[in-house]
1. Only one of (1) near the ligand (Cβ under 6 Å from one of its atoms); (2) surrounded by 13 or more Cβ atoms within 10 Å (Cβ to Cβ) is not met by VAL18, so which one is it?
2. Tell me, yes or no, whether the range 26-37 has at least one residue that is within 11 Å of the ligand (Cβ to nearest atom) and at pLDDT below 95.
3. Mind checking which residues of the range 14-51 are in a helix (DSSP H, G or I) and more than 20 Å from SER3 (Cα to Cα)?
Amino acid sequence: MISGFKNRILVTGGAGFVGSTMVDKLIENPDNFVLVVDNLSTGTTKRLPDPQRPTGNL
Ligand SMILES: NC(=O)c1ccc[n+]([C@@H]2O[C@H](COP(=O)([O-])OP(=O)(O)OC[C@H]3O[C@@H](n4cnc5c(N)ncnc54)[C@H](O)[C@@H]3O)[C@@H](O)[C@H]2O)c1
């Protein structure tokens, strides 16, 4: 699934205010595979480009 990407990046809190802004910038680079981990305690999947992305807790 993630082969073919030069960079594999994990963004914790990626459904939050700061994290989702980072995700938006990071996915502009087609070399980046970006995975979000967020427990949605204050964040929302509405901020994510793909709301079906898996979520989790650290
Ligand atoms: N519209 C706005 O202007 C606006 C909106 C939101 C926040 N803010 C400001 O931004 C700053 C905070 O933004 P932020 O991005 O740091 O906070 P945030 O709450 O938006 O993001 C933190 C993210 O981390 C996640 N999270 C927390 N604990 C976790 C855990 N144990 N495991 C996985 N995920 C976890 C939360 O669900 C959330 O999505 C504050 O200054 C706030 O006032 C501004």
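The values are calculated or read from the model by the stated rules, or taken from the named source; none is laboratory data. On a predicted model such as this, the values are computed, not experimentally measured, just so you know. Cβ atoms come from the backbone with ideal geometry, glycine included; neighbour counts cover every protein chain shown.
1. That leaves (2) as the condition not met.
2. Step one: list which residues in the range 26-37 are within 11 Å of the ligand (Cβ to nearest atom), which gives 36-37.
Narrowing the set further to residues that are at pLDDT below 95 leaves 36-37.
Checking the range 26-37: at least one residue is within 11 Å of the ligand (Cβ to nearest atom) and at pLDDT below 95.
3. Within the range 14-51, PHE17, VAL18, GLY19, SER20, THR21, MET22, ASP24, LYS25, THR45, LYS46, ARG47 meet the criteria.
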